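Accompanying notes for the structure given below.
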Amino acid sequence: MKEKVEIDIIILSYAQTDELKTVTINCINSLMNSEDHEEIKFNVIVVESEKSIKPFQYENTQTIYPDQEFGYHNYMNIGIEMTSAPYLCLCNNDLIFHPQWATEILKPFNQFIDLSSASPFCTLHHPKMGFKKNDGPKLGYRIRNEIAGWCLFLKRDILRLTGKPDRNYKFWCADNDYSNTLWVLKLNHMLVTSSFVDHLENKTLNSQTIERQDELTEKETIYFDKKWKYRTGQDWVLL
């Protein structure tokens, strides 16, 4: 009998409005409907920033409401520390999972023993970047190309080498930091063009005030530049 694969899914949500809450619900529903639960088990942790809806639990998840101040990596780490499956998927809430996305993204992990990390193909975004559906796995480290920061699928074992995500990133540059870390440590990452997860693009960020968007985005580059210039001699290793 085929052994069931367990995947820990960490989803960050900020249900400030009914619309944003629905975005998270749609994400979870598409995830749970995407695979045969006899073959793949999703352990879903939703890290919810909107404390006013506590103790609401999204269906098929464990929903938590941290007391700590929001930070993208800080909240991801809370979810990571609560889980233990061999595969880990770090997700935005504005995603739609297509059928068998996980089955497809697992195939290169079974084929290439030295593959550490992968991203699924967004049918809305990746064709604009020159990628084609079902065109084989693409090795690389470019942000919004091979690395889709909205959905990172990895072997938990690599955290022994990379450490947990750097808590200094509140929002922006988190994927750049992940990319540079993989590149420096020579850990292979692939875009899997047969695994489809669509990203609805910044539903939560765009609902924030201009001042809050600036706090979560532009100010992050200062820390990133200091960290990586010291290690590599240049600010942005991979563009």
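Structural remarks
- Hits in the range 150-177 - residues which are within 14 Å of the chain's Cα centre (by Cα) and at pLDDT 95 or above: W150, C151, L152, F153, L154, K155, R156
- Residue within the range 1-21 that is of a type in the set (S, T, N, Q), within 15 Å of the chain's Cα centre (by Cα) and modelled with pLDDT of 95 or more present: yes
- Those residues of the range 1-60 which are of a type outside the set (A, V, I, L, M), in a helix (DSSP H, G or I), touching a residue at least 24 places away in the same chain (Cβ under 8 Å) and touching a Phe, Trp or Tyr at 6+ places or on another chain (Cβ under 7 Å), in sequence order: T24, S30
For (1) closer than 21 Å to T22 by Cα; (2) at pLDDT 95 or above; (3) buried (at least 20 other Cβ atoms within 10 Å of the Cβ); (4) out of contact with any strand residue (DSSP E or B) (no Cβ under 6 Å at 6 or more places or on another chain), each residue gets a yes or a no:
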position	(1), (2), (3), (4)
P55	yes, yes, no, yes
Q62	yes, yes, no, no
Q68	no, no, no, yes
L88	no, yes, yes, no
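The values are calculated or read from the model by the stated rules, or taken from the named source; none is laboratory data. On a predicted model such as this, the values are computed, not experimentally measured, just so you know. Cβ: placed from backbone, ideal geometry, glycine included. Neighbour counts: every protein chain shown.
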